[in-house]
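Enquirer: I have a structure I would like to understand better, so I am pasting it below and will then ask my questions one at a time.
The values are calculated or read from the model by the stated rules, or taken from the named source; none is laboratory data. Just so it is clear, the structure is predicted and the values come from calculations on it, not from any experiment. Here the Cβ positions follow ideal geometry from the backbone for every residue, glycine too, while neighbour counts run over all protein chains shown. These accessible areas exclude ligands, DNA and RNA; they are computed on the full protein's heavy atoms, side chains included. Shrake-Rupley method; radii C 1.70, N 1.55, O 1.52, S 1.80 Å.
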Amino acid sequence: MILSNPKGTQDFLPQQSRQKHWIETKFRETVALYGFSEIVTPVFEHTELYLRSTGLSTDIVTKQMYSFVDKGNRELSLRPEGTPGVVRAVLQYQLKLPVRLFYIGPMYRYERPQKGRYREFYQLGVETIGEAIPETDIEIIEMGNRFFNNLGLSNVITKINSVGCPICRPKFRNQLKMFLDKNLSDICEDCKVRAEQNPLRVFDCKEEKCQDIYRDAPKITDNLCFDCQNHFQVVLNELAERKIPFELNKMMVRGLDYYTRTTFEFVLTDSKELGSQDSLGGGGRYDNLVEDFGGPKTPAIGFALGLERIMLALGAPTSIKKLVYIIPLDSNAYQHGKQLVSTLRNANIPAMLNNPEKNLRAGLGTADTLSCNYVIIIGSNEMNKKVYTLKDLVKRTQQEIPQDKIIETLKL
Ligand code: AMP
């Protein structure tokens with residue numbers, strides 16, 4: 001039997017799970033301030049959903065989907081991203097609009113694994129469906145910034161662009177196509193295909209020689225229609241006014257087909273940990289997706305953040321756990337310890353009792369292994385004096401605490 005996890009997946013051992021939970025809690029707190037409610041959708045959907053939304057010319061759909069036929073002959077795929085499932089549910093249950101939803105869960109893409117890039121990874125995402133005004137774009141970007149600040153990550157900048165709409169994009173597409181046709185012999189094989197199928201996607205290419213060429217290419221941002229230009233200008237002005245750090249990036253088109261108007265990425269400014277995987281999240285408007293799914297014309301905007309990348313940016317979590325380890329030194333103290341462990345738990349203080357067959361030394365060893373923050377020692381001396389010996393394993397201090405003061409001391 002192979003005793004290792006599948007390539008591209010990760011186990012979250014207790015220490016990482018604690019950090020994951022902490023990040024998720026901060027996320028829930030932040031998005032609640034902006035009126036978002038949670039939605040949970042399945043980790044697999046009908047494959048067609050992603051073909052129709054994420055897009056037939058995207059890498060995600062052409063190369064990265066975990067697709068399978070189930071025993072009932074249904075064509076299904078593990079979700080590579082959250083938005084299509086959320087939009088599907090909003091339409092299926094005819095949720096009243098506007099609606100602000102968030103989700104947290106695993107996504108699946110068959111990628112080449114490397115640090116910060118996995119085949120199973122978690123995203124924290126939000127979707128605002130039914131709001132067209134540029135103020136919504138600003139709120140969403142501000143919320144992302146607030147979340148990173150709440151995590152203590154102050155080195156995140158928003159890279160922003162506008163990819164236009166079905167009015168301005170076709171005209172621009174032709175312009176770009178002409179440019180690409182002129183440079184066809186110098187661009188990579190993948191870009192030749194992109195030039196045919198979805199010219200805008202060439203800006204996503206990682207090849208340096210292609211990037212050099214595209215620096216001189218026409219940019220959608222300079223060719224927006226009047227309404228898109230107005231919308232984008234309001235977003236940029238207001239971001240500056242709110243002092244949200246951002247950078248216009250005309251080459252950023254993002255890897256999904258459904259984006260319209262504002263698109264953005266949250267990027268680490270000093271990414272020692274993440275190298276080229278410095279994008280902590282991204283998103284944008286998708287004003288036509290609901291209609292493409294057969295629903296009414298409904299503007300929308302959202303983003304998705306990568307949990308593992310946020311963890312890498314934060315660095316290793318502290319190993320200390322809020323857990324009190326009680327070590328009674330004799331059978332009399334053990335009876336007392338049994339009561340104490342339940343008193344602490346009743347007061348919502350996590351606690352464990354040492355195995356009576358283990359001595360003090362072994363008990364301290366276990367407390368260390370479990371990364372407890374406190375140890376309570378109860379011997380005959382403590383029993384006589386009605387105190388506990390409380391060891392703080394973080395501060396490396398030790399003191400005697402009156403037994404009836406232990407809860408308030410631990411809750412401080
Ligand atoms: P996307 O859904 O492609 O717009 O990605 C949004 C964010 O999810 C990225 O900025 C990353 O932080 C994260 N992400 C995307 N793909 C992966 C992956 N394969 N492994 C880990 N994180 C990912």
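Enquirer: Please work out the FRET efficiency for the pair THR369 and GLU24, using the Cβ-Cβ distance as r and a Förster radius of 30 Å; give the result to the nearest 0.05.
Expert: Calculated value: 0.70.
Enquirer: Which percentage, to the nearest 5, of the DSSP beta bridges contained in the chain is antiparallel?
Expert: Close to 80 percent.
Enquirer: Using the heavy atoms of the protein chains alone and a 1.4 angstrom probe, what is the accessible area of the chain per residue in square angstrom?
Expert: Per-residue value: 51 Å².
Enquirer: To continue, here is another question. Let me know the whole percent of all Cα-Cα pairs from segment 195-307 that are separated by more than 23 Å.
Expert: More than 23 Å apart: 38 percent of the Cα pairs in segment 195-307.
Enquirer: Relative to the longest principal axis of the chain, what angle (0 to 90°, nearest 10) does the C-alpha long axis of helix 331-346 take?
Expert: Orientation of helix 331-346: about 30 degrees from the principal axis.
Enquirer: What is the percent carbon and sulfur in the accessible area of segment 1-142, measuring with a 1.4 Å probe over the protein chains and ignoring ligands?
Expert: 55
Enquirer: If I take every Cα pair under 8 Å that is 6 or more residues apart in segment 1-155, average their sequence separation and divide by the length, what percent do I get for the relative contact order?
Expert: Computed value for segment 1-155: 27 percent relative contact order.
Enquirer: Which trypsin sites (Lys or Arg not before Pro) from segment 200-251 combine a DSSP loop assignment with at most 14 other Cβ atoms within 10 Å?
Expert: The qualifying sites are LYS206, ARG215, ARG242, LYS243.
Enquirer: Using modelled backbone amide H atoms (1.01 Å from N, in-plane), which distant-in-sequence or interchain residues come within less than 5 Å of TYR388's amide H?
Expert: For TYR388, the qualifying residues are ILE401, GLN403.
Enquirer: So what is the 222 nm mean residue ellipticity for the chain from helices alone, if each DSSP H run of at least 4 adds -39500 (n - 2.57) and you divide by all residues, rounding to the nearest 500 deg cm²/dmol?
Expert: Calculated at 222 nm, the ellipticity per residue is -11000 deg cm²/dmol.
Enquirer: Mind listing P(r) for segment 363-412? All alpha-carbon pairs, 5 Å bins, whole percents.
Expert: 5, 20, 30, 23, 17, 5, 0
Enquirer: Further question on the same structure: Less than 16 Å from a label point 7 Å out along the Cα-to-Cβ axis of SER331: which backbone N atoms in segment 363-392 qualify, by residue?
Expert: Under cut-off, by backbone N: 380.
Enquirer: Another question, then. What is the projected area of the convex hull of the Cα atoms of segment 7-137, averaged over all directions, in nm²?
Expert: 10.0
Enquirer: Roughly speaking, what % of Cα-Cα pairs in segment 65-211 are separated by over 26 Å, rounded to a whole number?
Expert: Tail of the P(r) past 26 Å holds 50 percent of the pairs.
Enquirer: Now for a separate question. For TYR66, list long-range residues whose amide hydrogen, built 1.01 Å from N in the peptide plane, is under 5 Å from its own amide hydrogen.
Expert: Residues meeting the criterion, in which the H sits 1.01 Å from N, are LEU78, TYR110.
Enquirer: Sticking with this structure for a sec: So how much slack lies between CYS188 and PHE12, counting 0.36 nm per residue of separation and subtracting their Cα-Cα distance, in nm?
Expert: Using 0.36 nm per residue and subtracting the Cα-Cα distance, I get 59.5 nm.
Enquirer: Taking Cα atoms, how many degrees apart are the long axis of helix 14-32 and the longest axis of the chain, rounded to 10 and kept between 0 and 90?
Expert: That works out to roughly 60 degrees.
Enquirer: Using the per-residue mean of other Cβ atoms lying within 10 Å as a proxy for protection, in what order, highest first, do the peptides 222-234, 129-141 fall?
Expert: Final packing ranking: 129-141, 222-234.
Enquirer: Taking the chain as the reference, fit the longest principal axis to its C-alpha atoms, fit the long axis of helix 360-369 to the helix C-alpha atoms, and give the angle between the two in degrees, 0 to 90, nearest 10.
Expert: Result, in degrees: 10.
Enquirer: Could you work out how far the C-alpha centroid of segment 275-290 sits from that of segment 141-193, in angstrom?
Expert: Spelled out, the Cα-based centre of one part sits 10 Å from the other.
Enquirer: Taking R0 as 35 Å, what FRET efficiency do you get between SER276 and ASP222 from their Cβ-Cβ distance, rounded to the nearest 0.05?
Expert: Efficiency computed from Cβ-Cβ geometry: 0.85.
Enquirer: Give me Rg/Rg_expected for the chain, where Rg uses Cα atoms only and Rg_expected = 2.2 N^0.38 Å with N residues.
Expert: For the chain, the normalised Cα radius of gyration is 1.25.
Enquirer: Roll a 1.4 angstrom probe over the protein heavy atoms and tell me the percent of accessible area of segment 210-334 that is carbon or sulfur.
Expert: Percent of accessible area from carbon and sulfur atoms in segment 210-334: 49.
Enquirer: On to the next question. Distance between Cα centroids, segment 91-112 to segment 330-404: provide it in whole Å.
Expert: 46
Enquirer: Let me ask you something else. Want the number for GLU208 to LEU314: 0.36 nm per residue separation, take away the alpha-carbon distance, what's left?
Expert: Between GLU208 and LEU314, full extension yields 35.2 nm more.
Enquirer: Shifting gears a bit: In whole Å, what is the distance between the alpha-carbon centres of segment 64-82 and segment 198-233?
Expert: 33
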